[in-house]
Amino acid sequence: MKPASLARWRNLGIIAHIDAGKTTLTERLLWKTGAIHRMGEVHDGAATTDFSPLERERGITIGAAAVQAQWTPAGGDTHRLTLIDTPGHIDFAIEVEGSLRVLDGAVAVFCAVAGVQPQSETVWRQARRHGVPLIAFVNKMDRVGADFDGVVAQLRERLDANPWPLGLPLGTESDLHGWVDFVGERIVQWHDDGSESAQDWTAAQAAGYAPLRERLITAVADHDDALAEAWLEGRRIDAAMLKAALRRATLRGAGVPVLAGSAFRTKGMDGLLDAIVDYLPSPLDRPAVPADSESGTQLLAPDPDGPLAGLVFKIVRQEHGPLSFVRLYSGTLRVGDTVWASQRGRSVRVGRLLVMQADRGREVTQAVAGEIVAVAGWKDAVGGETVGAPGRHFALERIEAQPAVLAWRVAAAKPGDLIRLNQALAALAQEDPTFRTGSDAETGETLIWGMGELHLEVKVERLRREWQLDLRTGAPSVAYQETPLREVRGIEGKVSQQNGGAGQFARVVIDLQPIDGGEVEFVDRTRGGVIPRAFVLAAEKGLRAALAEGPQGHPVVGLRAVLVDGETHVRDSSELAFQRAGADALRLALAQAGTQLLEPVMQLSVETPAAALGDVLADLQRRQGRISAIGDEGGRQVVAALAPLAQLSGYATALRSLSQGRAAATVQFGGYEAVRVAAAAARAA
């Protein structure tokens, strides 16, 4: 693959709050590029990227879907676009996280009426954390109450962004009909059939819009030396010069180009496609990716002739078997190759390679650095693992998943379905790092853990449909944690089984210290080789295993375990003995230190009519909620609050009842906090 071709690739995501119009926008972009010949609607269950029955019935995006298209700007070269339409609901945030981990750029979509919403902030932070350059698209400009300038102001104030409006919409609501293009100094007319036409500014228009174009130039010049030099010298800044400066500044993350339109009315699509080509990066524009190897950290450039390195960022189970989505960062992957899988620790064969178009795949014989493809047939693939050449074992940065916070009890109605249920749960857990399974220590019942009620509802519905399982579900439970209350020192764990034959002997001494942040640290401070390195690692393994269940029956976090001393036997010591000794020492230390129960606390953003505000606040206080802010946005009251997850059971239903169905809430994980004494006593009772 020639570098010139690679420069014309764009891997980008469509990200936004739920109902901002991501999927409709993706559908229109596919239609404008000719990738599809008939537009489907989300509300009809016919959108290309919402292809699962659950997505079509619920009218929401549940899983990220990849599609490809080609776009040729006027007078330019054809570019290949790989778009990933991501979910907007917080329960499926791992789909956004995995996508942004491997994408080169993103289009952030905002509703022109609602503006910057809670999940808008979440996905924006995710993109910034991964260093992904962004374009902002203000959608739904045809809606009553649309406010382009207001959304731009919210980008600046609520997202701490540096927005650069590239023009102004002509008309709003039902009169939306065009765009004033500051960059190209022209008026773009949007027609009802989805087509566009443009004319250069007249002298009168140039006089009226020149100050706004000058404002854009000076804003970009603050972050681009070449443009600043030309502006200071009084040279004319033409469209090509301004586009080049905008591209350089956007790729550095210095600012965000802002466009507007209406995806539903197919208005503003050509300009957005041009902006994707003009301002978002190709794989060549992204920094080299660090990869750990036996010889240290190595920076991998997107070179098809380089060493093979790709990241498995998504796994999807289909009727004919699993698909493993891989972003290639270096090298070339071919059908028939044998590659090394980092998490599985063994070599695997590439049987089939597919370029995906939502739920349909087109087979290819190879893929090169910069591409996103799917490998069919890897039944035991692990999300977040690195694939590379067998002789060079690379490890790319993995995808971080938030901990699951809510559990349901689930059981097969027929005893004969138990094995199939376990197989189905394993398949779902393979797909989704935020979904896990376990069992109740007291009753032995199966538990499924997820990010919220919608997340678990979807999983249960999939079990019923895809595996034809008749299931019973039980009341939700909360993922509590424990953390030590105080520091303890000199706690001994000892295993001594010596009866004349082969025995087991290990002795470890640890200090235990509480730390902030919910992390678990292990520190070896033994001296003089009193414990061999292999036994130190075994003691750490046993210690970490014992963290799965603390004195109160929950996982333990927020501690530092320091190995300070120990003892071995020349014949009877073993790794197994030191694992047991490490686990015993930790249990004794926790028993002496005591533990504080922690519970997940959720961040709520509640939009409600003013008439229902008092009832909403009273209900939140009853649920031990802490109100952090109350604001007025577009005549509706917006309440920001924190509340324990355990108190939010049935909250969506209660909120509808309190507001006659006119209020809505967004709930997302906010962290763990100590359980209040009264609440803990009530639960104990």
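The values are calculated or read from the model by the stated rules, or taken from the named source; none is laboratory data. Here the structure is a predicted model, which means the values were calculated and not measured. Backbone-built Cβ (ideal geometry, glycine too); neighbour counts: all protein chains shown. Only protein heavy atoms, including side chains, enter the accessible area calculation; ligands, DNA and RNA are left aside. Shrake-Rupley method; radii C 1.70, N 1.55, O 1.52, S 1.80 Å.
Can PHE137 be described as closer than 30 Å to ALA640 by Cα and aromatic (Phe, Trp, Tyr)? Break it down stepwise before answering.
Numbers: closer than 30 Å to ALA640 by Cα: yes; aromatic (Phe, Trp, Tyr): yes.
In short, yes.
Among residues belonging to region 215-234 that are charged (D, E, K, R) and open to solvent by 80 Å² or more (accessible area, probe 1.4 Å), point out the one that is farthest from VAL258 (Cα to Cα).
Applying the first criterion (charged (D, E, K, R)) to region 215-234 yields 215, 222, 224-225, 229, 233.
Next cut, open to solvent by 80 Å² or more (accessible area, probe 1.4 Å) only: 215, 222, 225, 229, 233.
Values: ARG215: 14, ASP222: 17, ASP225: 22, GLU229: 24, GLU233: 27 Å.
Among residues in region 215-234 that are charged (D, E, K, R) and open to solvent by 80 Å² or more (accessible area, probe 1.4 Å), the one farthest from VAL258 (Cα to Cα) is GLU233.
When only residues in region 334-388 that are of a type in the set (Asp, Glu) and under 19 Å from ALA64 (Cβ atoms) count, which is least open to solvent (accessible area, probe 1.4 Å)? Show your work before the answer.
As a first pass, look at region 334-388 and keep what is of a type in the set (Asp, Glu): 337, 359, 363, 371, 380, 385.
Add one more test, that the residue is under 19 Å from ALA64 (Cβ atoms), and what stays is 359, 371, 385.
Working: ASP359: 68, GLU371: 19, GLU385: 0 Å².
Top of the filtered list is GLU385.
Among the helices (runs of 4 or more DSSP H) confined wholly to region 1-95, which include 2 or more residues that are touching a residue at least 12 places away in the same chain (Cβ under 8 Å) and farther than 30 Å from LEU456 by Cβ? Talk me through it step by step, then tell me what you get.
Details: elements: 3-6, 22-33, 53-58.
Answer list for region 1-95: 3-6, 22-33.
Scan region 109-141 for residues that are open to solvent by 10 Å² or more (accessible area, probe 1.4 Å) and touching a helix residue (DSSP H, G or I) at 6+ places or on another chain (Cβ under 6 Å) and report the count.
Adding up the residues that qualify gives 2.
What are the residues in region 652-674 that are more than 13 Å from ALA641 (Cβ to Cβ), in a helix (DSSP H, G or I) and open to solvent by less than 40 Å² (accessible area, probe 1.4 Å), if any?
ALA654, SER659
Of the residues ALA407, ALA424, ALA429, only one is surrounded by 16 or more Cβ atoms within 10 Å (Cβ to Cβ), part of a strand (DSSP E or B) and under 27 Å from the mean Cα position of the chain (by Cα); which?
ALA407
Please work out which one of (1) free of Cβ contacts under 8 Å to residues at least 60 places away in the same chain; (2) outside any loop (DSSP other than H, G, I, E, B); (3) of a type in the set (Val, Ile, Thr); (4) over 28 Å from GLU95 (Cα atoms) is the condition VAL460 fails and give its number.
The single condition VAL460 does not satisfy is (4).
Only one of (1) of a type in the set (A, V, I, L, M, F, W, C); (2) open to solvent by 10 Å² or more (accessible area, probe 1.4 Å); (3) out of contact with any Phe, Trp or Tyr (no Cβ under 7 Å at 6 or more places or on another chain) is not met by TRP201, so which one is it?
Every condition holds for TRP201 apart from (3).
Does THR297 count as buried (at least 18 other Cβ atoms within 10 Å of the Cβ) and touching a strand residue (DSSP E or B) at 6+ places or on another chain (Cβ under 9 Å)? Spell out how you get there, then give the answer.
On the way: buried (at least 18 other Cβ atoms within 10 Å of the Cβ): no; touching a strand residue (DSSP E or B) at 6+ places or on another chain (Cβ under 9 Å): yes.
When the stated conditions are applied, THR297 does not pass them.
Which ones in region 432-457 are of a type in the set (Asp, Glu) and either crowded, with 19+ Cβ neighbours inside 10 Å or in contact (Cβ under 8 Å) with a residue 24 or more places away in the chain (or both)?
ASP432, ASP440, GLU445, GLU453 - these are the residues of region 432-457 that are of a type in the set (Asp, Glu) and either crowded, with 19+ Cβ neighbours inside 10 Å or in contact (Cβ under 8 Å) with a residue 24 or more places away in the chain (or both).
Which numbered condition trips up LEU463, out of (1) over 30 Å from GLN318 (Cα atoms); (2) of a type outside the set (Ser, Thr, Tyr); (3) open to solvent by less than 60 Å² (accessible area, probe 1.4 Å)?
It fails just one condition, (1).
Could you tell me whether region 97-106 includes any residue that is part of a loop (DSSP other than H, G, I, E, B), at pLDDT 90 or above and over 21 Å from LEU323 (Cα atoms)? Before the answer, list the steps.
Within region 97-106, the first condition is being part of a loop (DSSP other than H, G, I, E, B), and the residues that meet it are 103-104.
Next, from what is left, pick out any that are at pLDDT 90 or above: 103-104.
Of the ones still in play, those that are also over 21 Å from LEU323 (Cα atoms) are 104.
Within region 97-106, one or more residues are part of a loop (DSSP other than H, G, I, E, B), at pLDDT 90 or above and over 21 Å from LEU323 (Cα atoms).
Looking at region 207-282, what helices (runs of 4 or more DSSP H) fall wholly within it and have at least 2 residues that are closer than 16 Å to ILE135 by Cβ? Before the answer, list the steps.
Working: elements: 225-232, 239-251, 269-279.
Here the list reads 239-251, 269-279.
Filtering region 177-195 down to residues that are touching a Gly at 6+ places or on another chain (Cβ under 8 Å) and over 16 Å from ARG213 (Cβ atoms), which residue is surrounded by the most Cβ atoms within 10 Å (Cβ to Cβ)? Please lay out each step first, then the result.
The initial filter retains those residues of region 177-195 that are touching a Gly at 6+ places or on another chain (Cβ under 8 Å), namely 177-183, 187-190.
Among the residues that remain, those that are also over 16 Å from ARG213 (Cβ atoms) are: 177-178, 189-190.
Values: HIS177: 17, GLY178: 21, GLN189: 14, TRP190: 26.
Within region 177-195, the match that is surrounded by the most Cβ atoms within 10 Å (Cβ to Cβ) is TRP190.
Please determine, by comparing only the residues of region 593-621 that are open to solvent by 20 Å² or more (accessible area, probe 1.4 Å) and in a helix (DSSP H, G or I), which one is nearest to VAL488 (Cα to Cα).
The residue in question is GLN621.
Any residue in region 541-552 that is outside any helix (DSSP H, G or I), among the aliphatic types (A, V, I, L, M) and surrounded by fewer than 22 Cβ atoms within 10 Å (Cβ to Cβ)? Let's see the steps before the verdict.
Of region 541-552, the ones outside any helix (DSSP H, G or I) are 547-552.
If we keep only those that are among the aliphatic types (A, V, I, L, M) as well, we get 547-548.
Still in the running and surrounded by fewer than 22 Cβ atoms within 10 Å (Cβ to Cβ): 547-548.
Yes, some residue in region 541-552 is outside any helix (DSSP H, G or I), among the aliphatic types (A, V, I, L, M) and surrounded by fewer than 22 Cβ atoms within 10 Å (Cβ to Cβ).
Quickly run through region 560-606 and pick out the residues that are without any contact (Cβ under 8 Å) to a residue 60 or more places away in the chain and in contact with an Asp or Glu (Cβ under 8 Å, 6 or more places away or on another chain).
Result: ARG560, ALA561, VAL562, LEU563.
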